[in-house]
1. Among the residues of region 61-72, write down those that are surrounded by 15 or more Cβ atoms within 10 Å (Cβ to Cβ) and out of contact with any helix residue (DSSP H, G or I) (no Cβ under 6 Å at 6 or more places or on another chain).
2. When the residues of region 9-23 are narrowed to those that are under 12 Å from residue 51 (Cα atoms) and in a helix (DSSP H, G or I), which ends up nearest to the chain's Cα centre (by Cα)?
């Protein structure tokens, strides 16, 4: 089984989880996978699953900024999701910087 095959189970798990779990739960699950060091290519899983893990970002930003018509680019949505992941990692004494293949948000 190759590296991509190994991580395919994580992609499938997050994809299937998106039918019943919130984006926050999916981000938390991704953070647990990062901390447990179970993914051989976390950047691959991120690229395949970021849309599931960021499904709530636009709504959250609209609510936080009291701007119901706010629009965000794909890059901005990815960045906000990465910020959320970074905050979760920091609460566990880690950072996305510990995973060199992963993108780091513009904070």
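1. Our first condition is that a residue be surrounded by 15 or more Cβ atoms within 10 Å (Cβ to Cβ); within region 61-72, this holds for 61-62, 72.
Result: 61, 62.
2. 23
Read-outs throughout are calculated quantities, based only on the coordinates presented, and are distinct from any laboratory measurement. Since the model is a prediction, treat every value here as computed from it, not as a measurement. Positions of Cβ are backbone-derived with ideal geometry, glycine not excepted, and every protein chain shown enters the neighbour counts.
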